[in-house]
Amino acid sequence: MPFWAVLLLYSFISLFVFHVPLLHYILEHEGGWGLVLSVALAYICTTNMLLVLLSLPGNLCMQIAMALLSLGNALALYYINTYHVFLTKSMMGNVLHTNASEVSALIGGHLWLFALLGVALAVLFLILPMARAHLRAKLGIFLTSALIFLVWSFTHTKQWLFLDHHARYIGGLSLPYSYSVNALRVLLASWHQSPPKLFDNLSFKARRTIVVLAIGESARRANYGIYGYARATTPKLQERLDKQEILALKATSCATYTTAALSCMLTCKQGYENLPSFLHRQGVKVVWLSLNDGQPSMHVDWHPGENTWKRWLQAKGVDGQTLDFDMALAHALPFVIQRYVNHNLLVILHLKGSHGPLYVDKVPKHFAPFKPLCTHSEPNACSVESLINAYDNTIAYNDMVLDAIIDNLQHIQNPALLLYMSDHGESLGEHGLYLHGTPYLIAPDVQKQIPFIVYANPMFKSTHHFKAPLQDYDQRVIFSSVLGAFGAQGMSDAYNPHWDIFQ
Ligand SMILES: [Zn+2]
């Protein structure tokens, strides 16, 4: 077969066998057939260019690459097809950090069928008789492909908006780029990470003190009744505020996405150990319970996987219907406290909170004080009213969760403190923006203005005094205030009295 024909054969087989989910995604999101054609053309052009480069050491090198890519694509297609995943950078991060028992759960089903398909194609490309091509011919194919790609792109600029909007998902379905490039990005990021430096030790005055740090998700202050929202989304917290049991403080997030905002709360100095690791090293018991993801790497005393601690809660007799929701974290609290009752204890609860796009998913089905609801996973497909209703229900649910946590702490004999802060805010259609993650400089205030709620039980108040509240807090307030709550003594870069809310 002529060299150019082999390239086209590979491109077409690869496009029509492995990219049905991608083409389907474009049509499903109303990209239209014009976009399907553009993406197909872009795929063929870039594949030609890649294969020409791989053929430079010799045709065999390109044939081996075509065989390996066919096998890799077939396996990737199985997971895309079966689990409806996009092989984005974070997904490849999950894949590479998955442990052996989780992997074994993912092997089975019709995987062998896809593997067989991959092997068959691999053999085809290995044994295909292929004519040699001159370097000039290869250069011609490379430049022609590049030219078609560029001319087509710049004559179809109207399609860029769609491509930009869906870039992560289109990238996550383009094989082999999705898994190869994204896996490389994950590996590069982890290689660049040097182990965190250690802070100087501190001693802690407190005994048997419990600090609960509840980290919210996409909870914007504007929709909290206690901060002046017209709707009563936080009746239980309002009652406690009226009785002066809690402080409703204002804070501004340092970022508009989870991992960066978590790092602002839990890291006080770049390159140094984070709050959980530091306290764990200082002998404070640290527990991380999460229904969310995006947590930093850390050393703690107990960080059960979601399934482990759900089974554990079930064994403790907790209602199965709440296990998937934030209330489960509140229910877990008394058992965790009991487990470490004679220690200083930091419990970090990473809530599901109000994570979009599907807000109705974050609260139990029967819980809907505000109706009608947006049940669509694309928020712009709903009326603004129904979207806000669905969002406000998550805030009302959060009100009950925080109330239940406070209720726990109110009735124990140890000094106990709750700090609740959201990671960042959320857009609900204002200026045509939805969700969060808008670049910080241009992000609207609703994505940055977050609640910071503090509760201290009577035992805690007898030994700690609050400073006069500030107008607005930085997320860095968490690190030093938690140390302050444990009565940090001594000199360490870990503790900055300026950021401590206690005197
Ligand atoms: Zn978040």
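The values are calculated or read from the model by the stated rules, or taken from the named source; none is laboratory data. Remember, it's a predicted structure, so these values are computed and weren't measured experimentally. Using ideal geometry, Cβ is built from the backbone for each residue, glycine included, and neighbour counts are taken over all protein chains shown.
To keep it simple, each residue is scored yes or no on (1) over 13 Å from L289 (Cβ atoms); (2) at pLDDT below 90; (3) assigned by TED's automatic domain parsing to the domain that holds Q282.
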| site | (1), (2), (3) |
| --- | --- |
| M327 | no, no, yes |
| A332 | no, no, yes |
| F335 | no, no, yes |
| N344 | yes, no, yes |
| V347 | no, no, yes |
| H350 | no, no, yes |
| G356 | yes, yes, yes |
| T375 | yes, yes, yes |
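Here is a yes/no grid of residues against (1) surrounded by 23 or more Cβ atoms within 10 Å (Cβ to Cβ); (2) within 18 Å of G225 (Cα to Cα); (3) in the same structural domain as N344 (by TED's automatic domain parsing):
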| residue | (1), (2), (3) |
| --- | --- |
| V384 | no, no, yes |
| L387 | no, yes, yes |
| A390 | yes, yes, yes |
| I405 | yes, no, yes |
| Q410 | no, no, yes |
| G425 | yes, yes, yes |
| I442 | no, no, yes |
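Listed here are the residues, each with its yes/no results for (1) surrounded by fewer than 20 Cβ atoms within 10 Å (Cβ to Cβ); (2) part of a helix (DSSP H, G or I); (3) among the β-branched types (V, I, T).
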position	(1), (2), (3)
W33	yes, yes, no
A42	yes, yes, no
T46	yes, yes, yes
L51	no, yes, no
P57	yes, no, no
I64	yes, yes, yes
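Which ones in segment 259-273 are among the hydroxyl-bearing types (S, T, Y), touching a residue at least 60 places away in the same chain (Cβ under 8 Å) and within 12 Å of the ligand (Cβ to nearest atom)?
Scanning segment 259-273 gives no hits.
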#### Entry: Answer residue from segment 415-455, given it is over 25 Å from D500 (Cα atoms) and touching an Asp or Glu at 6+ places or on another chain (Cβ under 7 Å) and is farthest from the ligand (Cβ to nearest atom) among those
P444
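Quick one: which helices (runs of 4 or more DSSP H) sit completely within segment 246-319 and have at least 2 residues that are modelled with pLDDT of 90 or more and within 20 Å of G484 (Cβ to Cβ)?
The helices (runs of 4 or more DSSP H) meeting that bar are 258-266, 275-281.
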### Message
All but one of (1) within 25 Å of L470 (Cα to Cα); (2) surrounded by 15 or more Cβ atoms within 10 Å (Cβ to Cβ); (3) among the aliphatic types (A, V, I, L, M) hold for V186; state the number of the condition that does not hold.
### Response
(1)
### Query
Out of all the residues in segment 250-258, is one or more farther than 27 Å from P458 by Cβ and away from the ligand (no atom under 16 Å from the Cβ)?
no
### Query
How many of the residues in segment 362-373 are out of contact with any Asp or Glu (no Cβ under 9 Å at 6 or more places or on another chain) and either outside the structural domain of T463 (by TED's automatic domain parsing) or under 16 Å from L351 (Cβ atoms) (or both)?
1
### Task
Considering only residues that are among the aliphatic types (A, V, I, L, M) and not in a loop (DSSP other than H, G, I, E, B), look in segment 206-229 and name the one that is nearest to the ligand (Cβ to nearest atom).
I215
### Query
In this structure, is F199 outside the structural domain of A76 (by TED's automatic domain parsing), of a type in the set (A, V, I, L, M, F, W, C) and either under 17 Å from L27 (Cα atoms) or not in a strand (DSSP E or B) (or both)?
yes
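Counting just the residues of segment 182-213 that are hydrophobic (A, V, I, L, M, F, W, C) and over 30 Å from I337 (Cα atoms), which one comes out modelled with the highest pLDDT?
By that ranking, first place goes to L184.
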### Message
Let me confirm something: among A222, A251, which residue is in contact (Cβ under 8 Å) with a residue 60 or more places away in the chain, surrounded by 19 or more Cβ atoms within 10 Å (Cβ to Cβ) and either of a type in the set (G, A, S) or in the same structural domain as L435 (by TED's automatic domain parsing) (or both)?
### Response
A251
### Message
Given the criteria within 16 Å of the ligand (Cβ to nearest atom), assigned by TED's automatic domain parsing to the domain that holds G487 and within 30 Å of N389 (Cα to Cα), does A232 qualify?
### Response
no
### Summary
(1) over 30 Å from A443 (Cβ atoms); (2) hydrophobic (A, V, I, L, M, F, W, C); (3) in contact with a Pro (Cβ under 9 Å, 6 or more places away or on another chain) all hold for L247 apart from (1)
### Task
Only residues that are under 24 Å from T209 (Cβ atoms), within 16 Å of the ligand (Cβ to nearest atom) and assigned to a loop (DSSP other than H, G, I, E, B): list them for segment 327-356, please.
L351
### Message
Here is a check on your reading of the model: is R168 of a type in the set (K, R), assigned by TED's automatic domain parsing to the domain that holds G58 and closer than 24 Å to A65 by Cβ?
### Response
no
### Summary
Those residues of segment 378-415 which are under 21 Å from V211 (Cβ atoms) and part of a loop (DSSP other than H, G, I, E, B) amount to H411, I412, Q413, N414, P415
